[in-house]
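The block underneath contains the structure these notes are about, expressed in structure tokens.
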Amino acid sequence: MSSGNRIVLIDDDRVVGEIVSALASAMGLQCDITRTPEDFFDRIGPDTDLILLDLVMPEMDGIEILRLLGERQCKARIAARPRGGESQFRPSPALQDRAGSGLYRARFGQKSLPACG
């Protein structure tokens, strides 16, 4: 597959996955839809060009996923999607242990995050 054509989405919202998959297909792009961190990390690889990341998920928040992608020296471009631009989320249990109460309030713009790695 040519560069720029492989997308992997992680989002716990099934409807978002269906919409992104339909749009990618209409544009001639391959898009793997994942709903869990385990499935996501099984599907990303050196041929992944773009990661679409939901920052607010129940099992592992997007910030933790970004950290793990950095550890794996991921070269894909990453676009993060908070809910509504301003989100409240609870970090994964590992981060809660380090952070205390675990409730964060973060404001993110509509720009993509830089590639990790």
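We did not get these values from a lab; they are worked out from the coordinates using the rules stated. All figures in this text were calculated on a predicted structure; none of them were measured in a lab. Note that we place each Cβ from the backbone using ideal geometry, even for glycine, and neighbour counts take in every protein chain shown.
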Worksheet item: So which residues in region 36-62 are surrounded by 18 or more Cβ atoms within 10 Å (Cβ to Cβ), among the hydrophobic types (A, V, I, L, M, F, W, C) and touching a helix residue (DSSP H, G or I) at 6+ places or on another chain (Cβ under 9 Å), if there are any at all?
Response: Phe40, Ile44, Ile51, Leu52, Leu53, Leu55, Val56, Met57, Met60
Practice prompt. Tell me which of these Arg72 doesn't satisfy, since it passes every other one: (1) closer than 14 Å to Arg6 by Cα; (2) in contact with a helix residue (DSSP H, G or I) (Cβ under 9 Å, 6 or more places away or on another chain); (3) of a type in the set (D, E, K, R).
Written response: (1)
Worksheet entry | Every pair of residues 6+ apart whose Cβ atoms lie under 6 Å, when the first sits in region 36-48 and is over 18 Å from Val16 (Cα atoms) while the second is of a type in the set (Gly, Ala, Ser) | Thr48/Ala76
Practice prompt. Would you mind finding the one in Asp32, Asp13, Asp39 that is within 13 Å of the chain's Cα centre (by Cα) and within 17 Å of Pro82 (Cβ to Cβ)?
Written response: Asp13
